[in-house]
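The values are calculated or read from the model by the stated rules, or taken from the named source; none is laboratory data. All figures in this text were calculated on a predicted structure; none of them were measured in a lab. Using ideal geometry, Cβ is built from the backbone for each residue, glycine included, and neighbour counts are taken over all protein chains shown.
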There are 2 protein chains.
Amino acid sequence: MSGVNSAQVRKDLSYLGSHGTRGVGYRIDELRVQLRRALGLTHGYAVVIVGAGNLGSALANYGGFSAWGFEVAAVVDVDRNKVGTEIAGRAVEPFAELASIVAERNVAIGIIATPSWSAQEVADRLTAAGVRSILNFAPATIEVPDGVEIRRVDLSTELQILTYHLQQEG
Amino acid sequence: MSGVNSAQVRKDLSYLGSHGTRGVGYRIDELRVQLRRALGLTHGYAVVIVGAGNLGSALANYGGFSAWGFEVAAVVDVDRNKVGTEIAGRAVEPFAELASIVAERNVAIGIIATPSWSAQEVADRLTAAGVRSILNFAPATIEVPDGVEIRRVDLSTELQILTYHLQQEG
DNA sequence: TAGATTGTTAATCGATTAACAATC
DNA sequence: TAGATTGTTAATCGATTAACAATC
């Protein structure tokens, strides 16, 4: 269905060891467990969302996280008018308390959902607080120290890829 | 800076033809034009955003589109309470008018920013209206006819990739 | 000419696919 | 045994990198 052939699937699975039975097949319930373990999805990760604007709200309300063991531990914002308001059934907390929130709630991942001009500062504060994994939605390039993993979700890039196919079709 | 070596850059650029001068280098202003042309970014594309919730609002307010020639032609929603309200300085329009909006404003790309349960129907309506490129933010798998390009931006997947690195580090 | 940088061929590397023995 | 499917080796394919002549 996904366009991946059987040889590819077997080859990939073999990197995790042997989990099938020759002549019979794979027990998918066991395979699921093995895959989740190999991908590190066995225990939950706490996530902090920085920025309680539209994007931050959309992310906090996003239903797809919990299925993979992610939990939104906090939504923080610098804007005093936003602090205390409810997003996804949770009160927005002050950005100033980021460090203590990260420490106390064992936050592993930070999501930057702020305007571009503040993205670098947010990243600095996150890394200073000990966060080693950052997902950046701001359309800005961010510098982080070695050992900190950063991924950027770039909406324009997604549109450009679509555009490329539009062009090919005529 | 990006970790790509010079041989790779030259090889890639060579697919577009010769735009540099041996012994001298590349004229970056000319190269920009050539690259934009090759990537099909020379003319603007009209985009319709379906869903005026937090995610739709965030996308409509996203500043990164216009730099690449994308223009939000309309934001539509089924909710009568949202129709008429302003998002990014533009009135939300009824979902029922999708087909005429697409036709009249020459919309090339549709963005699905609705709940998962309605994503398939939205995709059906977009393709029926003649849209050939769809960007799906709903955490749902969508079927589209041949000839329609669909990309899914999956926030959970992005988090999972970060998680994998967390695990490697210990 | 000396130095520098492109464009391109050849060598290397890694990933995908095919084939098949092992096994149920 | 016959049929089926895994695990793994070998073959193929494509992409990256190195090397160097061509050129300014």
Practice problem: Considering only the range B:71-111, state which residues are over 14 Å from B:Val131 (Cβ atoms), within 18 Å of the chain's Cα centre (by Cα) and charged (D, E, K, R). | Solution: B:Glu71
Self-check item: Residues of the range A:132-146 satisfying the condition of being buried (at least 22 other Cβ atoms within 10 Å of the Cβ) and either in contact with a Gly (Cβ under 8 Å, 6 or more places away or on another chain) or closer than 21 Å to B:His165 by Cα (or both)
Solution: A:Ser133, A:Ile134, A:Leu135, A:Asn136, A:Phe137
Practice problem: Being within 16 Å of DNA strand D (Cβ to nearest atom) and assigned to a loop (DSSP other than H, G, I, E, B) is the filter here, so list the residues in the range A:21-59 that pass it. | Solution: A:Arg22, A:Gly23, A:Val24, A:Arg27
Quiz item: Which of the residues belonging to the range A:10-20 are exposed (fewer than 10 other Cβ atoms within 10 Å of the Cβ) and more than 6 Å from DNA strand D (Cβ to nearest atom)?
Solution: A:Tyr15, A:Gly17
Quiz item: How many of the residues in the range A:123-170 are more than 7 Å from chain B (Cβ to nearest Cβ), among the hydrophobic types (A, V, I, L, M, F, W, C) and within 16 Å of the chain's Cα centre (by Cα)?
Solution: 8
Exercise. Show the residue pairs that are 6+ apart or on different chains and have beta-carbon atoms under 8 Å apart, the first residue being within the range A:13-27 and under 14 Å from A:Arg37 (Cα atoms), the second being among the small types (Gly, Ala, Ser) and surrounded by 14 or more Cβ atoms within 10 Å (Cβ to Cβ).
Key: A:Leu13/A:Gly20; A:Leu16/A:Ala38
Practice problem: Say whether the condition of being within 27 Å of A:Ile112 (Cα to Cα) and either facing chain A (nearest Cβ under 9 Å) or buried (at least 19 other Cβ atoms within 10 Å of the Cβ) (or both) is met by at least one residue in the range B:99-110. | Solution: yes
Practice problem: Check off (1) within 16 Å of DNA strand C (Cβ to nearest atom); (2) surrounded by 11 or more Cβ atoms within 10 Å (Cβ to Cβ); (3) not acidic (Asp, Glu) for B:Val24 and give me the number that stays unchecked. | Solution: (2)
Practice problem: Check every one of the strands (runs of 3 or more DSSP E) wholly within the range A:69-170 and list those with 2 or more residues that are of a type in the set (D, E, K, R). | Solution: A:70-77, A:149-152
Exercise. State all residues of the range A:86-95 that are touching a residue at least 12 places away in the same chain (Cβ under 8 Å) and either away from chain B (no Cβ under 14 Å) or surrounded by fewer than 19 Cβ atoms within 10 Å (Cβ to Cβ) (or both); if no residue qualifies, say none.
Key: A:Ala88, A:Arg90, A:Glu93, A:Pro94, A:Phe95
Quiz item: Can you name every residue in the range B:60-70 that is more than 7 Å from chain A (Cβ to nearest Cβ) and modelled with pLDDT of 90 or more?
Solution: B:Ala60
Quiz item: What number goes with the only condition from (1) farther than 16 Å from A:Ala138 by Cα; (2) surrounded by fewer than 21 Cβ atoms within 10 Å (Cβ to Cβ) that B:Ala52 does not pass?
Solution: (2)
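Which one of B:Gly56, B:Gly44 is within 11 Å of chain A (Cβ to nearest Cβ), over 30 Å from A:Ile87 (Cβ atoms) and either without any contact (Cβ under 8 Å) to a residue 60 or more places away in the chain or in contact with a strand residue (DSSP E or B) (Cβ under 8 Å, 6 or more places away or on another chain) (or both)?
B:Gly44
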Self-check item: Selected residue (criterion: farthest from A:Gly69 (Cα to Cα)) from residues of the range A:3-21 that are more than 9 Å from DNA strand C (Cβ to nearest atom) and within 14 Å of chain B (Cβ to nearest Cβ)
Solution: A:Tyr15
Quiz prompt | Failed condition for B:Trp117, given (1) within 12 Å of another protein chain (Cβ to nearest Cβ); (2) surrounded by 14 or more Cβ atoms within 10 Å (Cβ to Cβ) | solution = (2)
Exercise. Take B:Gly20 and decide whether it is in contact with a strand residue (DSSP E or B) (Cβ under 7 Å, 6 or more places away or on another chain) and more than 23 Å from B:Pro139 (Cβ to Cβ).
Key: yes
